Amino acid sequence: MYSPLYFDYNATTPCLKEVVDSMLPYFNQDFGNPSSSHHPYGWLAKSAVEDATVAIANNLGVTPSSLVYTSGATESINMVLIGVARKMQSKGNHIITTKAEHKAVLDTCAFLEENGFEVTYLDVDSKGLISTEMLSDMLRPETILVSILYANNETGTIQPLDEISKLTHENGSLLFSDTTQALGKLDLTKVFQFVDFACFSAHKVYGPKGIGLVFIKDNEGGNGLPSFIHGGGQQKKQRGGTLNTPLIIGFSKAIELAHDNLNTEIQRLETLRNKLEKGLLKIDLSISNSAPPRRLSNTVHISFPYVDGTNLLTALSRQIAVSNGSACNSASVEPSHVLTAMGIERSLAYASLRLSIGRFTTANEIDKAIEIITNEVAKQREQNILWERRK
C-alpha cells in the first residue's frame, strides 16, 4: 500500500520501536496496579512508575514531585485552568490569555467565563507575538492567572516567556504555559524557572497517545491543585484513577530518546525547514506566516493566494500528509483562528498549509514535497479565473 509523505508531525508522531518495546512487559508480565501495596505485582509496577518519573524529571531538570500524569495535554490544560480558578477565586476572578492559543485553552476559558470568571484575550502581531506592554497594561490586582502558549502549534512562534514571567510574577499572578509543542524541540530548562505550570503530551514526542503531564512548581505540602478527577486519591489527590503504567514507561522512554541528541536534531530540522520554506516561497506570491525572531525548528506555514485551501488539501492528500492548522480544530469550517488573530485576511488564511517535519524526514522528502506542492498550486490556480485576471 502506498503511503503519502508525512509532513504533519505537529499533529502526532509515530511511536518509536524502542518506546513500544519498553512498554510491552507492563501489559502482560509486570501488569500489577501501582496502588496495590500488598503484593509483588503492585510493588513492581509502583517501582517502575517511580523510576520512570525520576527519569523524566532528570531529563527535564525538575523534581519528580512536580509532575502529575494525565491523559494528554487537553486534560492537562483543563486541570490547570480550572484548578487555578477554583483555588484562587478568593483572590480574584481575572485570567489573561491570547487570541492565538490552542483551542483547548480558549474553550476552557470560555467555560470559565460562563462560570463567573473574566478573561482578557491579548492580541498578537503579524508574527504571532504578544505585546508585553499590553500584557502589563492588562494585569490587575485580581488577575490570578496568565496563560500563554510557549510555541505555537500552527506557526511555530515562540513567545518571550522570560519577559512574560517577570511581569506576571511582579503582579503576584501565576503563569501557565502550554508547552506541548516545545517538548523534544527546545531546551526547556529555563522555561521551568519562568512558569508555575506547564503541560505536555507524549504523542507529540514519539511516545504513545493517551498520556500527558502537568508540571506544577512547588507541588508539595498542599501547594498543588485541587483534585481534578476524584476517586482513589492517587497523585497527591490531584488526579484520581489507576496510573497507566505502560504509557508512563513509554512516555519516559520517549523523553529520554528526545533528549539524547536534542541539539543535533534541532540543527538538522532547522536545515530541512529552511530548505522547505525556501523552496515553497519560490511559488509566485506565496507568503510565510512563520517568520518571527524565534520559532520551532520543524514548522513551516505558508499561504498561497488564489488557491482554494480545501481543494488544495484534498488534492495533496494523495501524495503528502499536511494540514491547514491544528488537528484538534480540523472539524471547523472557519479559517485558522491563529492566522486571523495575526491579521491575515480570511481568504488568505483559507489558502494556507502547515507543514511540520520530524525525526524521519529526509532531504529527499523535502525535495519531493516542494515539487508536489508547487505543481498542485499551479493546477489549482489554472482553474481560478481570478488568477488569470490578477494583473
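No lab work stands behind these numbers, since they all come straight from the coordinates. Values in this document were obtained by computation on a predicted structure and should not be read as measured data. Heads up, the Cβs are rebuilt from the backbone with ideal geometry, glycines too, and the neighbour counts pull from every protein chain shown.
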(message) Less than 14 Å Cβ to Cβ from residue 140, Lys/Arg counted +1 and Asp/Glu -1: what total charge do the surrounding residues give?
(response) -3
(message) So for the chain, considering every pair of alpha-carbon atoms, how many percent are separated by more than 36 Å?
(response) 27 percent
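Based on the Kirkwood radius over alpha-carbon pairs, what value in µm²/s does the Stokes-Einstein equation return for the translational diffusion coefficient of region 335-391 at 37 °C and 0.692 mPa s? Working shown, then result.
On the way: Rh = 13.7 Å.
For these conditions, the coefficient is 239 µm²/s.
Ranked from highest to lowest mean number of other Cβ atoms within 10 Å per residue, what is the order of the peptides 62-69, 256-263, 176-183?
Highest-to-lowest ranking by the protection proxy: 176-183, 62-69, 256-263.
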(request) Take the alpha carbon atoms of region 87-115, find their center, do the same for region 151-195, and report the distance between the two centers in whole angstrom. (result) 17 Å
(request) Set the Förster distance to 25 Å, then compute FRET efficiency between residue 285 and residue 99 from the Cβ-Cβ distance, nearest 0.05. (result) 0.40
(request) Report, in degrees rounded to the nearest 10, the 0 to 90 angle that the Cα long axis of helix 245-260 makes with the longest principal axis of the chain. (result) 60 degrees
(request) Just need the relative contact order of the chain here, percent rounded to a whole number, with Cα pairs under 8 Å and 6+ apart. (result) 22 percent
(message) If I fit a long axis through the Cα atoms of helix 103-114 and take the longest principal axis of the Cα atoms of the chain, what angle between them do I get, 0 to 90°, rounded to 10?
(response) 60 degrees
(message) Just to check I understand the Karplus step: with θ = phi - 60° and J = 6.51 cos²θ - 1.76 cosθ + 1.60, what whole-Hz values come out for region 132-146, glycine and proline as x?
(response) 5, 5, 5, 4, 4, 5, 7, 5, 10, x, 8, 6, 9, 8, 10
(message) At 7 Å along Cα-to-Cβ for each site, give me the label-to-label distance between residue 142 and residue 24 in nm.
(response) 5.8 nm
(message) Loop-only GluC sites (Glu not before Pro) in region 90-150, please: DSSP not H, G, I, E or B, and at most 15 other Cβ atoms within 10 Å.
(response) 142
(message) Principal axis extents for region 58-164, Cα atoms only, whole Å, descending order, please.
(response) 36, 34, 23
(request) Treat each spin label as a single point 7 Å out from the Cα along the C-beta direction, and report the residue 389 to residue 271 distance in nm. (result) 4.8 nm
(message) Restricting to DSSP H runs of at least four residues, report the calculated mean residue ellipticity at 222 nm for the chain, -39500 (n - 2.57) per run over all residues, nearest 500 deg cm²/dmol.
(response) -12000 deg cm²/dmol
(message) For a 28 Å ceiling on Cα separation, which of these pairs sit above it: 103/217; 91/185; 166/237; 127/275?
(response) 91/185; 166/237
(request) Run the quick spin-label model on residue 193 and residue 126: label points 7 Å from Cα toward the beta carbon, then report their separation in nm to one decimal. (result) 3.5 nm
(message) Using alpha carbons only, how many angstrom separate the centre of region 372-391 from the centre of region 1-67?
(response) 48 Å
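To the nearest 20 debye, what is the magnitude of the charge dipole of region 110-197 about its Cα centre, counting +1 on the Cβ of each Lys and Arg and -1 on the Cβ of each Asp and Glu? Write out the running numbers ahead of the final one.
Values: 5 positive and 15 negative charges, 72 e Å.
So the magnitude is around 340 debye.
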